[in-house]
Amino acid sequence: KILEYYLNEVPYGGNVYGIEAAGKTYFNKNAQDLTLAEAAYLASIPQSPTTLSPYGRNKDKLEARKNLVLSRMLELKFIAQEEYDKAKNETVVFIPQATMGIKAPHFVFFIKDYLEERYGGEMVENGGLKVTTTLDIGLQAKAEQFVKEGALQNEKDWKGENAGLVAIDPKTGQILTMVGSRDYFDKMIDGNYNIATANRQPGSSFKPFIYATAFNKGFTPETAFFDLPTEFQTTCDATGKAFPGHDQKDCYMPDNYDGKYRGPMSLRDALAQSINIIAVKLFYLAGLPDSLKTAENMGISTLKDIGVFANNGIRNPYTGVLKIEDVSGKVLEEFQTNPQEILPKNTTLIISDILSDEKARIPTFGSHSALFIPGREVAAKTGTTNNNKDAWTIGYTPSVVIGVWAGNNDNTPMKKGGAAVAGPIWNKFMNEVLKNLPNESFEKPELEIDPTKVKPALRGFWQGNENFFIDKISGKLATENTPRETLQEKVITNVHSILYWVNRDDILGPAPLSPAGSSQFNHWEIPVQNWWAQNKEKYRVTTWGEKPTALDDVHTPLSKPVVSILEPNETSIYSYDQKIRLKISSSGPFPLQKIDVFINDIYLETSEIPFVFSFIPRELENLQDTNELKIISYDTAYNRSQTTLNFKVQ
């Protein structure tokens, strides 16, 4: 009798209670008409109705539980071996889940999984919890529409029948939309499986994490690598042929998406154009452990966590919950930000600067591609896995991160990948979201590099790494007095792969004493030397013979302009409202070109001939009784000098 009561009242998820209702809900049968296998499934579900839901993402756990039920029945001799074998191998079909009254189903079950893990199944089913989520239901409806339309089109065009989409606010980590398939209730595509939380291969969408690691170590967007056919397996020769005693299948000579090779190119262009060969080389130099650590720190378990780049290196763990209250109204948990600094701000700004560079990506994606959003600065990256099994487009502004996956749940290859498949869905939804968001631009990164401190190989010179500087005006060897404006760098032509000039363990340090000691050196060097032999006639060659012996004599301590301040002066006392006109005199071998004016170290103006400048003391910031006037003067040869004077105000 107790068992009877239990079976009539036990929860099966949602509003389904009792074995009779469960039979109707899952199989459209009365309990007495269930097959042994169907009954075994229904005996399994009550242990954890959310986790073991046949419409959820844990079908393997439900299957294991059903088999356990059958095994125990066999052990206890409730069924014979023949019945056991038949029931275990029976293909059971659950009827489609009812569509009435459920919105954003993948998100709903994502939240239910979280609640059950945190509070237990009994509390979730019967505890009367009130849950306020982060979901934007209006955007969710648009996302579901665009995903379904895009997936149906992809099925026709590229043989990719499914897609998923997630949008988050990178400033908070709050999930705004979650679409786990084109149709949760479409059993033909396994629609109730949440692709948005699945561990799919990221393909090229992983590249920004490699580049971020490399930039942290000292590489720059202008560092040049050679995009040439390169064998990376050291048990094979540089042409991709296995050495005797080794398997040819182990050789690894990756292609680019278009089968072309571009010779020397900057890391900016290589990332923007998703060049595979350079990414593999950079992966080697950045280091596998460090690149994976960067990704792990950023939380790259799903497409949602690229938000670290959008948020200037700060990671906010993603969440779908704003508040949870119990049946009495007591707040059990409430959203609070938990920001964590993962990457240096400038590194993330560099990545965003590259991924939003429309000009840099044109050679791969074309002008105004699916990654382009008119009137908006948007960073975007695509990804494609081997044989076009997965297609990604992930993009962001400072206000929103949107990731789209397209493909087939069973890993069936598509006819194409990347932007062609996932891009149109991403583009439509990004345009929709941005309608109601401010037009924010990315902060510009600090890209200025001192050429006297950072070696040429890291600054974009693929021709060599040995250099000297001349003065452009005198044509002679530069000195410490040569201004930056007239400094010209000459790099000696000595073409090698980057491994010749950069030590993997000390990127910013001197060139390796024995570059051939690297196991990869010959594999990278041989293609470079072959390329240079075929292309050297196209480039000017610089030799040590061009280095001047005479020193720059235009820029010397005696060449600097001599400037005297005549007005204001140190003896007069000026009133707060008095208009003071600057008067100067100058001498020197070159005419004065311009002056920068500062008072109390605050810049006021740059003045050029005839040097007309005036000010009223009361209008100045940080005005004091005694004030310092500073003038930095530049002549036509860019010699500079500094003059100061104190004046008094009462």
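The values are calculated or read from the model by the stated rules, or taken from the named source; none is laboratory data. All values reported here derive from a predicted model rather than from experimental measurement. A quick note on method: Cβ atoms are made from the backbone with ideal geometry, for glycine too, and the neighbour counts reach across all protein chains shown.
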**Report entry** Long-range neighbours under 7 Å by Cβ, at least six apart or interchain, first residue in contact (Cβ under 8 Å) with a residue 24 or more places away in the chain within the range 437-450, second among the small types (Gly, Ala, Ser) and part of a loop (DSSP other than H, G, I, E, B)
**Finding:** Leu437/Ser399; Pro438/Ser399; Glu440/Ser399; Phe442/Ser356
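Conditions (1) in contact with a helix residue (DSSP H, G or I) (Cβ under 7 Å, 6 or more places away or on another chain); (2) farther than 30 Å from Glu480 by Cβ; (3) not charged (D, E, K, R), marked per residue:
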| position | (1), (2), (3) |
| --- | --- |
| Glu570 | no, yes, no |
| Ile584 | no, no, yes |
| Ser614 | no, yes, yes |
| Leu623 | yes, yes, yes |
Report task. Scan the range 545-555 and give yes if some residue there is touching an Asp or Glu at 6+ places or on another chain (Cβ under 8 Å), at pLDDT 95 or above and among the polar types (S, T, N, Q), otherwise no. Result -> no
Query - Residues (over 14 Å from Asn627 (Cα atoms), assigned to a strand (DSSP E or B) and under 46 Å from the mean Cα position of the chain (by Cα)) located in the range 554-603 - result: Gln593, Lys594, Ile595, Asp596
Query raised in the report: From the list Leu582, Leu592, which residue is modelled with pLDDT of 95 or more, within 26 Å of Lys472 (Cα to Cα) and among the hydrophobic types (A, V, I, L, M, F, W, C)?
Result: Leu592
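Suppose the filter is more than 27 Å from the chain's Cα centre (by Cα), in a loop (DSSP other than H, G, I, E, B) and touching a residue at least 60 places away in the same chain (Cβ under 8 Å); does Thr493 pass it?
So Thr493 does not fit the description; no.
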**Report entry** Within the range 621-643, considering residues that are within 17 Å of Phe590 (Cα to Cα) and not hydroxyl-bearing (Ser, Thr, Tyr), the one surrounded by the fewest Cβ atoms within 10 Å (Cβ to Cβ)
**Finding:** Gln642
Query raised in the report: Do any helices (runs of 4 or more DSSP H) entirely within the range 214-323 hold 1 or more residues that are at pLDDT 95 or above and touching a helix residue (DSSP H, G or I) at 6+ places or on another chain (Cβ under 6 Å), and if so, which?
Result: 267-272, 276-286
Query raised in the report: In the range 247-283, what residues are surrounded by 18 or more Cβ atoms within 10 Å (Cβ to Cβ) and at positive phi?
Result: Ser274
Query - Matching residues in the range 378-412 - criterion: being assigned to a loop (DSSP other than H, G, I, E, B) and either within 15 Å of the chain's Cα centre (by Cα) or of a type in the set (A, V, I, L, M, F, W, C) (or both) - result: Val378, Thr397, Pro398, Ser399, Val400
Report task. Within the range 361-377, count every residue that is in contact (Cβ under 8 Å) with a residue 40 or more places away in the chain and not in a loop (DSSP other than H, G, I, E, B). Result -> 4
Query raised in the report: at pLDDT below 95, outside the structural domain of Val502 (by TED's automatic domain parsing) and not acidic (Asp, Glu), is that true of Asn386?
Result: yes
Query raised in the report: Considering the range 452-464 alone, what residues qualify as being crowded, with 17+ Cβ neighbours inside 10 Å and more than 22 Å from Tyr211 (Cα to Cα)?
Result: Gln463, Gly464
Query raised in the report: Taking the range 76-91, which residues are farther than 15 Å from Ala43 by Cβ and free of Cβ contacts under 8 Å to residues at least 40 places away in the same chain?
Result: Lys77, Ala80, Gln81, Glu82, Asp85, Asn89, Thr91
**Report entry** Scope the range 151-175; condition crowded, with 21+ Cβ neighbours inside 10 Å, under 21 Å from the mean Cα position of the chain (by Cα) and in a strand (DSSP E or B); matching residues
**Finding:** Ala163, Gly164, Leu165, Val166, Ala167, Ile168, Gln174, Ile175
Query raised in the report: Could you count how many residues in the range 176-195 are within 30 Å of Ile342 (Cα to Cα) and crowded, with 24+ Cβ neighbours inside 10 Å?
Result: 5
Report summary line: Scanning the range 457-471 residue by residue, the ones that are outside any loop (DSSP other than H, G, I, E, B) and over 27 Å from the mean Cα position of the chain (by Cα) total 5
Query raised in the report: Since Ala242 meets every condition but one in (1) crowded, with 21+ Cβ neighbours inside 10 Å; (2) without any contact (Cβ under 8 Å) to a residue 24 or more places away in the chain, which condition does it not meet?
Result: (1)
Query raised in the report: Among Ile175, Ile189, which is the only one that is closer than 17 Å to Phe94 by Cβ and in contact with a strand residue (DSSP E or B) (Cβ under 8 Å, 6 or more places away or on another chain)?
Result: Ile189
Query raised in the report: If we scan the range 506-521, do we find a residue that is buried (at least 18 other Cβ atoms within 10 Å of the Cβ) and either assigned to a helix (DSSP H, G or I) or in contact with a Gly (Cβ under 8 Å, 6 or more places away or on another chain) (or both)?
Result: yes
Report task. Determine if the range 344-353 includes at least one residue that is among the acidic types (Asp, Glu) and either loosely packed, with under 15 Cβ neighbours inside 10 Å or at positive phi (or both). Result -> no
